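Chemist: Got a structure here, written out as structure tokens. Questions coming.
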Amino acid sequence: KQEVTQIPAALSVPEGENLVLNCSFTDSAIYNLQWFRQDPGKGLTSLLLIQSSQREQTSGRLNASLDKSSGRSTLYIAASQPGDSATYLCAVPNNAGNMLTFGGGTRLMVKP
Amino acid sequence: NAGVTQTPKFQVLKTGQSMTLQCAQDMNHNSMYWYRQDPGMGLRLIYYSASEGTTDKGEVPNGYNVSRLNKREFSLRLESAAPSQTSVYFCASRTKHRTESSYEQYFGPGTRLTVT
């Protein structure tokens, strides 16, 4: 059974710092890995989807990398801003692609 | 496009009461999903519908039923609510990623349910 772990569970940084969020998964046979953002009391917003054939994907100040062989993905946030404060979740689909397994999330706070 | 919409946003039920959570998407997606999110447990799949007319159990289906009413709508029913069903419920739909080689899920805003 796929298990997805995110470390750290919480992170507090001053504004302007570059930071890395980690996601690890136990079964490396994945189609893709999706990173989401969740604001308090809100739904999930898809940030990046990185295909199994890709090593990284970029959107603005966000960069996601994927190393299937080691079962790891990282989300790099450059020049963090207070507006980046949220919980970040990673998720991988099962073989049929019809079920996502989520990590527990990293709760990020960026202080002004 | 409104994307994925859910009603109600909040609900308080007494133990034993029943209710239906509604979900609709206007993106013409085939697959739809119901998840629950609990502190310390993360998001877990309750039921999904791969296409209109089909439904399948996810990881935690006990105590729930679903109906895929048409391509747009997928409802979740609690027949006899229990305090253990206090949670935030998310509906999602799935589409092919823009690269066409993978799938991507989009989520609704959630329904916050409390069962007393």
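Chemist: Kindly provide the GluC sites (Glu not before Pro) of the range B:18-116 that DSSP labels as loop, not H, G, I, E or B, and whose Cβ sees at most 12 other Cβ atoms within 10 Å.
Modeler: Details: sites: B:52, B:59, B:73, B:79, B:100, B:104; in loops: B:52, B:59, B:79, B:100.
Taking the range B:18-116 and a limit of 12 other Cβ atoms within 10 Å, the loop GluC sites (Glu not before Pro) found are B:79, B:100.
Chemist: Past the 32 Å Cα-Cα mark, which pairs from A:68/B:9; A:111/B:71; A:42/B:14; A:1/A:111; A:42/B:71? Present the calculation step by step, with values, prior to reporting the outcome.
Modeler: Values: A:68/B:9 38 Å; A:111/B:71 44 Å; A:42/B:14 24 Å; A:1/A:111 38 Å; A:42/B:71 25 Å.
From A:68/B:9; A:111/B:71; A:42/B:14; A:1/A:111; A:42/B:71, over 32 Å: A:68/B:9; A:111/B:71; A:1/A:111.
Chemist: Here is a further query. Rg to Rh ratio, chain B, alpha-carbon atoms and Kirkwood radius? Numbers along the way, then the final one.
Modeler: Values: Rg = 13.8 Å, Rh = 14.3 Å.
Rounded to two decimals, Rg over Rh is 0.97.
Chemist: What is the ratio of the Cα radius of gyration of the protein assembly as shown to 2.2 N^0.38 Å, where N is its residue count, to two decimals?
Modeler: Working it through for the protein assembly as shown, the quotient is 1.01.
Chemist: Ok, one more. Report the percentage of all Cα-Cα pairs in chain A whose separation exceeds 18 Å, rounded to a whole percent. Before the final figure, lay out the partial values.
Modeler: Working: 2798 of 6216 pairs.
The calculated P(r) of chain A puts 45 percent of pairs beyond 18 Å.
The numbers here are math on the coordinates, done by the rules we state, and not lab data. Quick caveat, the model's predicted, so the values are computed rather than measured. Reconstructed Cβ throughout: ideal geometry from the backbone, glycine too, with neighbour counts over all protein chains shown.
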